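Okay, structure first, notes after.
The values are calculated or read from the model by the stated rules, or taken from the named source; none is laboratory data. Predicted, not measured: the structure shown is a model, and the values here were computed from it. Cβ placement follows ideal geometry from the backbone for every residue including glycine, while neighbour counts extend to all protein chains displayed. Ligands, DNA and RNA are excluded from the accessible area calculation, which covers all protein heavy atoms including side chains. Shrake-Rupley method; radii C 1.70, N 1.55, O 1.52, S 1.80 Å.
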Amino acid sequence: MAWARERSAAAGLSGTFPPPPRRPEPFFCIFGCTSAHLPPVSALLRCFSGILAGSLPIAKPASWLPPSMPGYQTKQESIAVAGVADLVIRSLLDKQQYYDPLGEADRMGISSAMWPLFGLLWPSGAHLAARMAARPVDITERVLEIGCGLGLASLVGHRRGADMTASDCHPMAASFLAENVRLNGLAPMKYRHGHWSATAPEQDAAEGASPASAYVHGHFDLIIGSDLLYERDANASLAHFIGRHASPTVEVWIVDPDRGNRPAFNRQMAEQGFLMREEKLDRAASPGVEAYKGRLLVYRWAAPMPPAPALH
């Protein structure tokens, strides 16, 4: 195999492989067999039997191993949001992507079908981003986006100077958000793991973790989210999560594409002490713009709340 080593050395210098040798070279099979010609079927069967028996390891030269490849494909687009400059967004290529080698998503209850949803841009998220672009910035407000996915609304608020915290439960949301912050030349933005199905003690225990992996904690003056009501939530986990992190003067925005779980969520928010008003966001299709049917749900405390405890 000297010629293979010479070929690798030449490739390291020139970046291309030299022409293969003219003389016949030994055949190298994945089972470790070498021969001046293709081995007979009986030899291959003996090799294969040896591997199954554990007596013959698979031999594969390190220089022949394929390069490490990511387990998913991405794309990069320029996204227009009314009222602000376009944003460069890296997203998953499509809904067919899946990559969970360590089982992190699976342990959080994220199935292979649900896995890619965080990494795609959705119409409701675009509506939420447009609302953030139109809202006057108050630098004293703390703003939390829950179920942020790619965090388009958070990126809009962050670029405009709002005190933004993006959150999601997907194990890859943080890395995608960090890359999109970098692509747009923005300062680092706060990100917290926000899993509303997690119990309060679990969240409290996680508050001492590193900033990149800590759970959402503290209280916020504006809590926003888009298309969060896609699953039935019999335990009112989302409503409890919002109530847990709502300041006494909080306003909650949820952009919902008319999901069937909306009435139940409204009742759960009322049980938490919130009043709701809604605004229709229906839009007819036009050249280059898809139709949209949904609404903006806005919640406020029904009665004055006592001041929130000081943040630590």
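Some observations on this one:
- Residues 182, 262, 160, sorted by accessible area with the largest first, give 182, 160, 262 [1.4 Å probe; ligands and nucleic acids excluded].
- All aspartates and glutamates inside 15 Å of residue 190 as judged from Cα atoms, apart from same-chain residues fewer than 8 positions distant: 141, 145, 163, 168, 179, 207
- For the pair region 258-312 and region 79-137, the centres of their Cα atoms are 19 angstrom apart.
- Heavy-atom accessible surface of region 223-301, averaged per residue, reaches 49 Å², computed with a 1.4 Å probe.
- Added length on full extension, which subtracts the Cα-Cα distance from 0.36 nm per residue, residue 271 to residue 104: 56.8 nm
- Packing-based ranking, highest mean first, of 236-243, 146-153 given that Cβ atoms within 10 Å are counted: 146-153, 236-243
- Extended-chain gain in nm, criterion 0.36 nm per residue less alpha-carbon gap, residue 280 and residue 76: 70.3 nm
- Amide H contacts under 5 Å for residue 302, placed H, 5+ residues apart: 274, 275
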